[in-house]
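Below is one structure; the comments refer to it alone.
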Amino acid sequence: MKEQIRDQIKSAAAIIRGGGLVAFPTETVYGLGADGLNPVAVAKIFEVKNRPTFNPLILHIENKDRLYTVCEIPSEKVNDLIEEFWPGPLTLVLPKKPNVPEIVTGGLNTVAVRMPDNLIALELIKESGTPIAAPSANLFGQLSPTRAGHVQKQFGDKIDMILDGGKCSVGIESTILLIEQEEITLLRPGGIPLESIREVIGEIKLYPKKSDRPNAPGQLAFHYSPQTPILMLTVENIEKYKDEKIGAIFFKGNDSKFNFIKEIILSPAGSLSEAAANLFSTLHKLDDLQLDCILIEPFPQEGLGVALMDRIQKAVAKYEMS
Ligand code: TXA
Ligand code: MG
């Protein structure tokens, strides 16, 4: 790690210890961090993000043993999961210990924890000497940031510092699992595919699509939306918008026989992980082009395609309803 970034991490850690807000890179998306054990600092996150409710946050830790300081371990499978997937894009929701402030957990008796796979993030948490509470560093409902510039665009001077770690390598948020004694439940598909999780711990329960628990992740009808209307790329939608300025996003290539003003292919080689790494930055880019609409091709519902489709369906839902 270069000397310059080390100095920046030291300044950022001082801000965290002082109760301020720092945006930092992780392997998934940029996070907006505060001292996770300081409720006043955590409250500032909700304020600048404009979150309408106190949606619970993820605590980021820099070493596996820290887990035992913030939560209980109700199942042996937790150790198998963290051995296999940490550091990495897997968040575990576990029974919280009393030292975790209520504002972090939205009043729930569980806390979400993960160890990010990014050297700048790990060094920042270590230097800060506290778990860092962080949601994705975007305004409520808007696109997740995968570059420092995306954070700058949405927050500018409203936060104390942005650590620039370049492009996020995974590009899509962590997979979230709720761990209970009897069973393990998927709360949000993400950077670790379900198939890989099943290989380690066997069958897991899928969270019901519709729920009366709006506090739980993935339960909002829409999210992750660009400002430009976005819809699925279908024959009907091409027909409907063909006289307007359309930007199109494809997985491997354009098979539609239609030429769009702007076309982006996420992974010519057909790699879902490459597509995930490029999805949000592509949406940010197209959102800056003053297009009338963005059409996006569906992904195969396997591996990371499940998480990609989850994000796209939520982005599209906002415009399908209007
Ligand atoms: O990859 C990620 O997970 C990124 C990076 C920054 O780590 N973070 C992220 O945070 O996506 P956020 O706040 O945008 O999404 C976290 C989700 C929320 O939907 C929240 O409802 C859920 O985690 N969550 C947090 N604590 C929970 C809990 N105790 N029970 C159920 N859901 C919880
Ligand atoms: Mg988010």
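The values are calculated or read from the model by the stated rules, or taken from the named source; none is laboratory data. Note that the structure is a prediction, hence the values are computed from the model and not measured. Every residue, glycine among them, receives a Cβ derived from its backbone with ideal geometry; neighbour counts consider all protein chains shown. For the accessible areas, the whole protein counts, side chains as well, though only heavy atoms, and no ligand, DNA or RNA atoms are used. Shrake-Rupley method; radii C 1.70, N 1.55, O 1.52, S 1.80 Å.
A compact table of results
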| read-out | value |
| --- | --- |
| With all protein chains modelled, accessible area of residue 258 [1.4 Å, Å²] | 50 Å² |
| Residue among 195, 127, 173 with the largest mean-square fluctuation in a Gaussian network model of the chain, springs linking Cα atoms under 10 Å | 195 |
| Translational diffusion of the chain, µm² s⁻¹ [Kirkwood Rh, Cα pairs; Stokes-Einstein; 37 °C; 0.692 mPa s] | 163 µm²/s |
| Net charge, residue 272 excluded, C-beta distance under 14 Å - Lys, Arg +1, Asp, Glu -1 | -3 |
| Per-pair calculated FRET efficiency, R0 = 45 Å: residue 140 and residue 262 via Cβ, rounded to 0.05 | 0.95 |
| Trypsin sites (Lys or Arg not before Pro) within the range 219-299: DSSP coil, no more than 16 neighbouring Cβ in 10 Å | 242, 245, 252, 257 |
| In sequence order, calculated HN-Hα J values of the range 82-99 (Karplus, 6.51, -1.76, 1.60; Hz; x Gly/Pro) | 6, 4, 7, 10, 9, x, x, x, 10, 10, 10, 9, 9, x, 7, 8, x, 6 |
| Euclidean distance between Cα centres, the range 227-246 to the range 251-286, Å | 15 Å |
| Computed accessible area, residue 192, all protein chains, 1.4 angstrom probe, square angstrom | 20 Å² |
| Local net charge near residue 36, Cβ-Cβ under 15 Å (Lys/Arg +1, Asp/Glu -1) | +3 |
| Cα gyration tensor shape of the range 2-131, rounded if a/c is under 1.5, else prolate or oblate by comparing a/b with b/c | oblate |
| Net charge contributed by nearby residues that have their C-beta within less than 13 Å of residue 133 (K/R +1, D/E -1) | +3 |
| Amide H within-cut-off set for residue 233, under 5 Å, with H built and near neighbours excluded | 296, 297 |
| Within the chain, helix-based [θ] at 222 nm, where runs of 4 or more DSSP H residues each add -39,500 (n - 2.57), nearest 500 | -10000 deg cm²/dmol |
| Greater than 19 Å apart at Cα, pairs in 158/314; 240/314; 44/158 | 158/314; 240/314 |
| Distance violations [Cα-Cα > 21 Å] among 245/285; 10/153; 205/318 | 10/153; 205/318 |
| Mean accessible surface per residue for the chain, computed with a 1.4 Å probe while every protein chain stays in place, in Å² | 44 Å² |
